[in-house]
Amino acid sequence: MIDGDQTVDESLVRFVRATGPDHTDVQAEMAAHAEAESFPNVGRGAGAVLQLLARLADAETVFEFGSGFGYSASWFLRGGAGRVVLTEFDEDELALGREFLTDAGLAERCVFESGDAMETVERYGGPFDVVLVDHQKSRYPEAFEAVRRKLSPGGVIVADNVTRGPASFSAVLDHLESGEPLPADDDQTAGTAEYLDRVRTADEFDTAVLPVGSGLSVSVKRR
Ligand SMILES: C[S@@+](CC[C@H](N)C(=O)[O-])C[C@H]1O[C@@H](n2cnc3c(N)ncnc32)[C@H](O)[C@@H]1O
């Protein structure tokens, strides 16, 4: 199947889902809502990785840039996160997230922050054990700079949509492989490429891209 400028191996997608955790009842409702609204949440395959990262990092605090109605947060909470800070500038999405997470019995471990995530993060000193970057692709590099010193040693920053989504991935690839210039009029592609470049060359981080869901870039801060 071709999705944007990427080929998606459907049998691999099915395999990852079939071998990963099932949705809880509330997550299944969230997924059905996302499907009905064509809302781009991380999906079940990537969600399972978020759960794993929270567990591996023994996460006390998770900060999300772009939470929608709380689907990705629900995976961090399943992974034992003590607290998830959800940020969302669409108040209706955030209110729906509060409803879903209340139904799931998880809302007490959530902080719901309405408004621009880039402003919200300035009010938090950290430390963050896991950060999810899943808002405007043009602002991914800015998000990395906002949290790189607030991440705890051993903490993780994970960015969604690095292989699939609104950016042109063939342009990102040509840029990273051969230094081709990025399209001047496409700030989502430029933001994605610059983010990947920054995390890959940041001395204090080890980074790998996991080709799961829409592509997760995972960077761990050295201890
Ligand atoms: C891809 S969706 C997030 C999905 C969510 N992480 C999940 O997997 O369930 C991106 C969301 O980020 C929100 N958003 C984009 N830029 C934002 C910003 N600067 N501050 C707060 N929310 C933002 C959008 O309204 C949208 O709901």
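Bear in mind that the values in this text are calculations on the coordinates, not laboratory data. For clarity, every value in this text was computed on a predicted model and none was experimentally measured. A quick note on method: Cβ atoms are made from the backbone with ideal geometry, for glycine too, and the neighbour counts reach across all protein chains shown.
The stretch between residue 12 and residue 38, if pulled fully straight at 0.36 nm per residue, gains 7.2 nm over its current Cα-Cα span. Counting every other Cβ atom within 10 Å of each residue's Cβ, 91, 64 order from fewest to most as 91, 64. Over the residues of the chain, the helix contribution to mean residue ellipticity at 222 nm works out to -12500 deg cm²/dmol, using -39500 (n - 2.57) for each DSSP H run of at least 4.
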